[in-house]
Amino acid sequence: MNVLIRFLPVFALMVNLFPAAAAQTTLEVLNPMGVIDPPKTYGLSPRVADLAGKRIALMHNNKPGASNLLDALETLLKARYPGASFSRGYQTQPVQPPKDPDMYKKAAAASDVFIFAMGD
Amino acid sequence: MQMEKLGVPGVLLVSSQFLTDARSAAADWAMPGIRTVAIPSDKWYRFRGTMDEVRPLAEAALDPIIKALTAPLTAQEAKPPQQAKVELPPIKITGAGYADAVEKMNELFLKNHMGDGLPLVPPTREAVDAMLKGTSRSRDEVIGKIPMKFGIATVEKIAINAVMAGAKPEYFPVILTAMEAFCAGEFWHMMGSSGSFTLIIMVNGPIAKEIDMNSEIGFLGDCWRANSTIGRSVRLATRNIGHTWPAENDMALVGRPSAHTFFTFAENEAMNPWEPYHVSMGYKKEDSTVTVTKVGSYFGASGQTVGGGAVATWTAQSILDGMAGLAKSKGGGYYTWFHPEAAQALVDAGFTSRSKIQEWLSGKTGVLPRNISVAVTGGVPGYSMIWGYELDSHVTKKIRGATLTRAGR
């Protein structure tokens, strides 16, 4: 007992110098993100071998600049593919579907490939 | 994507800053492999003004465009794997004590694009169960799908976000109804547009007073827990359930006004000389409702004051004239907010009902009377304001299923 009393301050000091590891806390929280029901995925359409002689639709979303870019591209493509033809006038509204609900069908029927420029 | 689905190969030209957004949208709309050519953003916005200026960018893009149209498809492009539905189980976070665990949770959530940058309350099962006690509706009920990625908004998912926002269970029926209104309208554009659109969330009926919503001085501001956390709950629920993140698929360039809580308040029915807004929409006075509206940012479509305040003088007629001068668009609607004194002055001038305001403004602007919403907002003194909105993004829904308030049951 005497030995214990004599060494008690030493034990106390050791406890202070080497405190027990702080108690760990584990939180289990629920995930706030929405579960997504993935839609059926679609593959791309087969590419063309060459643009020579092809009907190229130049489309845009009606935001500033897109039409200028297509003008420049049309000039460059004409120079490289003199036999290609170009159609314009297929464009969406800035944030909404095209005014003509059949626009894509008409564009697809009249084109072999398309280039769609986003003006954003 | 419509063209590709119709069998025509194509390429999308997009500014490099929008490339992540474009690819994300392509995946959302079921065509993850769409071919793109990025135009450098640091030049695009400076040089797109004329064909001559933009020509060097077109020259640089020409070969990649030709390659995108002619290089054979990879097997994955031709037949991309069907994405599986991913379940989102609970998350365990361990820290050296509670405060450390909460801090670690906040870091983890932000790193994984869940949150809004302010500290979040941990959505433990117990806290979410307590939130769900605010409604009699089933936790599994689906309220709708949230853009941009169309995550499924169940009652429970909304409750998780409401806990994170710091809302009280008695607010939850209001939050649920705001989300119902959001899902019933067209709010996809607001969630990702570069125009930084935001939401107005207006609460009507007796529940507003019961949960202590501010409807007077400072009604669009902070310091009211109900206003702040109802709006923050809707902000977090739309962002997290819809999987959106700034500069990825939320392209709001300058950030939304009132980005953390939207503009959330109650109509000042006590100082309203007319019938409350929801009554004008066909609901009973004792009903409680939430009206959610997409409005503009810092640009033309945002709210503008048209008189009132504690400095300049005004008249009822000057306020009406100011609104008529700003209501230029015939295709949309206008949200007119009259401060209480203006509403009383208008009554004194013979505008004894909301419909007379609607008819007068319609006569001056050509906007249909039914597309002019009239509310009384703010305190004394206050400001009158006018906001433009699109007709399919202005939706009112009745609150139901409340269990902790007398109203909204």
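The values are calculated or read from the model by the stated rules, or taken from the named source; none is laboratory data. No experiment lies behind these values; they were computed from the predicted model shown. Every residue, glycine as well, gets a Cβ built from its backbone with ideal geometry; the counts of neighbours run over all protein chains shown. Surface accessibility is based on the protein's heavy atoms, side chains included, excluding ligands, DNA and RNA. Shrake-Rupley method; radii C 1.70, N 1.55, O 1.52, S 1.80 Å.
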From phi via Karplus (6.51, -1.76, 1.60), per-residue ³J(HN,Hα) for the stretch B:149-159 in Hz, x at Gly/Pro: 9, 6, x, 7, 8, 8, 4, 5, 4, 5, 5
Relative contact order (%) - criterion: Cα under 8 Å, at least six apart; region: the stretch B:208-346: 21
Nitroxide proxy distance, nm - points 7 Å out along Cα→Cβ at B:ARG46 and B:LEU19: 1.9
B/A buried area, accessible surface, summed, 1.4 Å probe, Å²: 6700
Given charges at beta-carbon only (K, R positive; D, E negative), |dipole| of the protein assembly as shown in Debye: 880
C-alpha center-to-center spacing [the stretch B:104-165, the stretch B:306-326] in angstrom: 42
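Scaled to the compact-protein estimate 2.2 N^0.38 Å, what is the alpha-carbon radius of gyration of the stretch B:172-238, rounded to two decimal places?
The stretch B:172-238 yields a ratio of 1.16.
By the gyration tensor of its Cα atoms, with a ≥ b ≥ c the square roots of the eigenvalues, what is the shape of the stretch B:96-155: rounded for a/c under 1.5, prolate for a/b over b/c, or oblate?
Because a/c hits 1.5 or more and a/b fails to exceed b/c, the stretch B:96-155 counts as oblate.
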Between helix B:225-242 and chain B: long-axis angle, C-alpha atoms, 0 to 90°, nearest 10: 20
Solvent-accessible heavy-atom area per residue, rounded to whole Å², over chain B at 1.4 Å: 41
Percent of beta bridges antiparallel (DSSP, the stretch B:174-295, rounded to nearest 5): 60
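For n ≥ 4 DSSP H runs only, could you compute -39500 (n - 2.57) per run for chain B, divide by its residues and tell me the 222 nm figure to the nearest 500? The partial results should precede the final answer.
Values: 16 runs with 154 residues, N = 409.
So the calculated ellipticity at 222 nm is -11000 deg cm²/dmol.
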Reachable lysines from A:LYS106, criterion Cα separation under 28 angstrom, eight or more residues apart if same chain: A:LYS40, A:LYS54, A:LYS63, A:LYS78, B:LYS5, B:LYS67, B:LYS79
Crossing angle, helix B:19-28 versus chain B [Cα axis fit, 0-90 degrees, rounded to tens]: 80
Under-5 Å amide H pairs with B:GLY307, H placed in peptide plane, nonlocal only: B:SER384
Helix axis angle, B:354-365 relative to chain B longest principal axis, alpha carbon, degrees: 60
Sequence-distant residues sharing a close amide H with A:ASP112 (under 5 Å, placed H): A:ARG55, A:ILE56, A:ALA57
Loop sites in the stretch B:230-305: chymotrypsin sites (Phe, Trp or Tyr not before Pro), DSSP, at most 10 other Cβ within 10 Å: B:PHE299
Principal axis dimensions, chain B - Cα atoms, whole angstrom, descending: 74, 60, 38
Estimated vicinal HN-Hα couplings, Hz - the stretch A:107-120 in sequence order (Karplus 6.51, -1.76, 1.60; Gly, Pro = x): 5, 5, 5, 9, 9, 9, 9, 9, 10, 10, 9, 8, x, 4
Inter-label distance for B:THR315 and B:THR70, nm, one decimal - labels placed 7 Å from Cα along Cα-to-Cβ: 7.3
Estimated vicinal HN-Hα couplings, Hz - the stretch B:396-408 in sequence order (Karplus 6.51, -1.76, 1.60; Gly, Pro = x): 10, 10, 7, 6, 8, x, 5, 10, 10, 10, 6, 8, x
The stretch B:25-87, dipole about Cα centre (Lys/Arg Cβ +1, Asp/Glu Cβ -1), debye to the nearest 20: 80
Computed Rg/Rh of the stretch B:36-92, alpha carbon atoms with Kirkwood Rh: 1.27
